[in-house]
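Throughout, read-outs are computed from the coordinates displayed, never taken from laboratory work. Note that the structure is predicted; figures quoted are calculated from it, not measured. Note that each Cβ is placed from the backbone with ideal geometry, even for glycine, and that neighbours are counted across all protein chains shown.
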Amino acid sequence: MRQHREALKRLSCALAAADLGHIECDVSLAECSWYEIGGLADIMVHPHSAQALQRTLAIIKDHGVPMFVMGDGSNVIFDDAGFRGVVVRLGQPISAMAIDGTRVKAEAGLWVPRFALELARRGLSGVEHIAGIPGTLGGLIVMNGGSQRKGIGTHVTSVTCLDNAGEIQHFNQQDCAFGYRRSALQKSDCVVLSAEFELDLAPPSQIRREMIDILATRRKKFPKHYPNCGSVFLSDPMMYDVIGPPGKAVEEVGLRGLSSGAAQISSIHGNFIVNRGGASARDVLWLIYKMRQTVGEKTGYWMDCEVRFVSQQGAVMPAHQAADVLFGAHLSHALPAELQALL
Ligand SMILES: Cc1cc2nc3c(=O)[nH]c(=O)nc-3n(C[C@H](O)[C@H](O)[C@H](O)COP(=O)(O)OP(=O)(O)OC[C@H]3O[C@@H](n4cnc5c(N)ncnc54)[C@H](O)[C@@H]3O)c2cc1C
């Protein structure tokens, strides 16, 4: 513990001396995540440019302190115990966008609804389905996010990343291995810096109309009064054909409205968990465990989470894996010991 404190002190001095962006200590992760859940992070850095990000990663690596990169925190559950390391947060300072005909290059910190609006304004079509998704472009690409069962990855031609030493790496679309809400970037030790897209031309008014329709549907379907992280579980195509989406499955097994502490399965949408005020990560993970177990036992489909859990040590995993470790270690499909040790 003392060694860790000393390493943190040396690291924050080195980052401050290099003047790479705003640095904060003992930051509430609850205030940085859409779930409003999580303890304190030892350090948080907000790099002020792409070059500063590159240098920040190299300095962190040199100091051997655990690192977690985040955008807007709209798809993460932070540990109640916080994070013993440094969070690198990307946002507005790294959000440039350049358009050349139907080719677009944009940086990871760009706010997704702003990206969508700008594409509509310029008559660039293909990713209307991202309208209204909160978060940064980097997070969206890593998660291959989207709506209407589409993913942003379809229109990505290449992604530029930084490895954990700050070295540049290029991924083409194949390397990214985009799948439904999945990508190879989730497993690699890379920070997404920017991406290039190939889009189609369409009249701006048509694109805008489509986006407005999508936003109206979202407003009707999704809970909006309490903090949440969007869909908790991924929609499995096989389960979708037989039973329907995860929300329908959760509702059919009678779990809609179930609470654990201040966390509750939304009464509006069965695939959302809301924080009714002061919920803990443990409360949310228990509901996730219960939803997965009940649907699995009754239907034979074991739903996987879209939302990621970030442990105190910086292990990042789909939240159902953390829930299985906490509440279902006795299960035959529980996780291997290596993963349990990370929690
Ligand atoms: C109300 C609500 C509605 C939502 N609706 C949708 C929806 O319709 N469709 C959908 O797909 N998602 C949806 N989401 C989930 C979420 O908005 C997306 O996944 C979003 O793109 C995540 O971006 P972020 O910047 O918030 O990422 P974060 O939550 O900060 O991070 C998510 C993961 O991505 C990693 N990450 C973030 N940035 C980078 C980077 N630059 N390089 C490497 N790794 C990175 C993090 O380490 C973490 O593992 C919704 C969330 C909310 C709260």
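Considering only I77, M291, S12, and ranking their Cα positions along the charge dipole of the chain that arises from unit charges at the beta-carbon of Lys, Arg, Asp and Glu, the one farthest toward the positive end is M291.
With contacts taken as Cα pairs under 8 Å at a separation of at least 6 residues, region 93-207 carries a relative contact order of 32 percent. The Cα-based radius of gyration of region 182-317, divided by its Kirkwood radius, gives an Rg/Rh of 1.02. A simple count of charges around L199, restricted to other residues whose Cβ falls under 12 Å of its Cβ and scoring Lys, Arg +1 and Asp, Glu -1, yields -3.
Look at M143, M1, M97, M44 and count the other Cβ atoms within 10 Å of each Cβ; fewest to most, that gives M1, M97, M44, M143.
Projecting the Cα atoms of M44, A249, Y180 onto the charge dipole of the chain (Cβ charges, centred on the Cα centre) puts A249 farthest toward the positive pole. Note on the chain: with charges restricted to the Cβ of Lys and Arg (+1) and Asp and Glu (-1), its dipole about the Cα centre is near 700 debye. Based on the Kirkwood radius over alpha-carbon pairs, what value in µm²/s does the Stokes-Einstein equation return for the translational diffusion coefficient of region 237-342 at 37 °C and 0.692 mPa s? So the translational diffusion coefficient is about 232 µm²/s.
Relative to the Cα centre, the charge distribution of region 237-342, modelled as +1 at Lys and Arg Cβ and -1 at Asp and Glu Cβ, gives a dipole magnitude of about 280 debye. For K221, the lysines whose Cα comes closer than 30 Å to its Cα, not counting residues fewer than 8 places off in the same chain, are K150, K248, K290, K298. In region 197-306, what trypsin sites (Lys or Arg not before Pro) fall in a loop by DSSP, with at most 13 other Cβ atoms inside 10 Å? Passing sites in region 197-306 are K224. Taking a straight Cα-Cα cut-off under 27 Å and skipping sequence neighbours fewer than 8 places away in the same chain, the lysines within cross-link reach of K61 are K9, K187. Taking Rh as the Kirkwood radius computed over C-alpha pairs, what is the Stokes-Einstein D of region 2-89 at 20 °C in a medium of viscosity 1.002 mPa s, expressed in µm² per second? It comes out at roughly 165 µm²/s. Could you give the distance between the Cα centres of region 147-162 and region 15-91, to the whole Å? The distance from the Cα centre of region 147-162 to that of region 15-91 comes to 24 Å.
The Cβ shell under 13 Å around G166 holds other residues with a net charge of -2, Lys and Arg each +1, Asp and Glu each -1. If you look at the Cα atoms of region 104-226, you get an Rg and a Dmax of 14.6, 44 Å. Once C-alpha pairs closer than 8 Å and six or more residues apart are averaged by separation and normalised to the residue number of the chain, the relative contact order reads 15 percent. Using a cut-off of 10 Å between beta-carbons, work out the net charge of the residues near A131 (Lys and Arg +1, Asp and Glu -1, A131 not included). Result for the neighbourhood of A131: -1. Stokes-Einstein diffusion for the chain, with the hydrodynamic radius set to the Kirkwood value over Cα pairs and evaluated at 20 °C in a medium of 1.002 mPa s, equals 103 µm²/s.
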